[in-house]
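Here is the structure we will look at, set down as structure tokens.
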Amino acid sequence: MSIYNEMAGDLAQILDEFGKRVTFEGRELSALVSEPQETLELGAGGFTASGNFMVKLLRHDLAALPRIGQQVTYAGDIFSIVRVSNRPPHPVVTLTVEPA
Amino acid sequence: MNAQIESGFVAILQAVMPSVPVREATSSLPLHGDIQIAIVECPEVEHVVGPLHRATVSIHLGTPAFEEGEARHKETSALLAAALVSNESAQSIFNSASGGPFLRGFHVRSQSEKIVESTWRSTLELVAGICSG
């Protein structure tokens, strides 16, 4: 078994235990979610929410690699993907998301 | 008067592009970055003489590049430009919506196209003649 397979197996156990439920492309997935931080700024037209956080997913849980601009739902709120970190054969895909 | 002028121009834009949300700049509503929106801003109204005022009005059209795309932005920009061709119909909509102050005329002083934070942004700057009574 390669180190990457071992990492994938370990992460699957971590996700079983501590994972947060996120929805992506209509599927519910287990993810590691960093602490969301959100700020509100008043500008022309109203209040804009800003701030971002990371969502880590197992690559083999994904049907296709997420793309920038797609949306992820977490805790009832919708977030847009602004960055995708994908480093095969590393088993984790890391998304940076911000309020949609 | 600035807020009333913003509301009057919001009414003009809503009449010609009903599928696009249009909002006054002086708003405390949440603003979502993933939808196309037009914002009307009237930062300055100058008194000229008697009841006549000269207002500077900026109209910002923002289209999120990833969610809506360039084609949609160009299409809505064209609608926006068309809305500001006829002074007569715009005046009639403005004056019905505001009930005073009244729009007496306007011209587009400048226009710009930019990309700001992954958003296509068209801005039209207008000078409008306003009569307060």
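The values are calculated or read from the model by the stated rules, or taken from the named source; none is laboratory data. Just so it is clear, the structure is predicted and the values come from calculations on it, not from any experiment. Every residue, glycine among them, receives a Cβ derived from its backbone with ideal geometry; neighbour counts consider all protein chains shown. Quick note on the areas: whole protein, heavy atoms, side chains included, nothing else; ligands and nucleic acids left out. Shrake-Rupley method; radii C 1.70, N 1.55, O 1.52, S 1.80 Å.
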Kirkwood hydrodynamic radius (Cα pairs, Å) of the protein assembly as shown?
20.4 Å
List the relative contact order of chain B as a percent without decimals, with contacts defined as Cα pairs under 8 Å and 6+ residues apart.
27 percent
With every protein chain in place, what's the accessible area of residue B:1 (1.4 Å probe, Å², nearest 10)?
70 Å²
For chain A, just the Cα set please: Rg and Dmax, both in angstrom.
14.8, 56
With every protein chain left in place, what is the accessible area per residue of the protein assembly as shown in square angstrom, probe 1.4 Å?
54 Å²
Say each of residue A:37 and residue A:25 gets a label point 7 Å from the Cα, pointing the same way as Cα to Cβ; how far apart are those two points in nm?
3.1 nm
Looking only at aspartates and glutamates whose Cα falls under 19 Å of residue A:20's and that sit 8 or more positions away or on another chain, we get A:10, A:28, A:35, A:38, A:61, A:77, A:98
How much space per residue, in cubic angstrom, does the convex hull of the C-alpha atoms of chain B take up?
96 Å³
If you wrap region B:43-94's Cα atoms in a convex hull and average its projection over all directions, what's the area in nm²?
5.0 nm²
Please report, as a whole percent, how much of the solvent-accessible surface of the protein assembly as shown comes from carbon and sulfur atoms (probe radius 1.4 Å).
53 percent
Tell me, how many Å apart are the Cα centres for region A:48-72 and for region A:1-31?
14 Å
Restricting to Cα pairs under 8 Å and 6 or more apart, the percent relative contact order of chain A works out to 25 percent
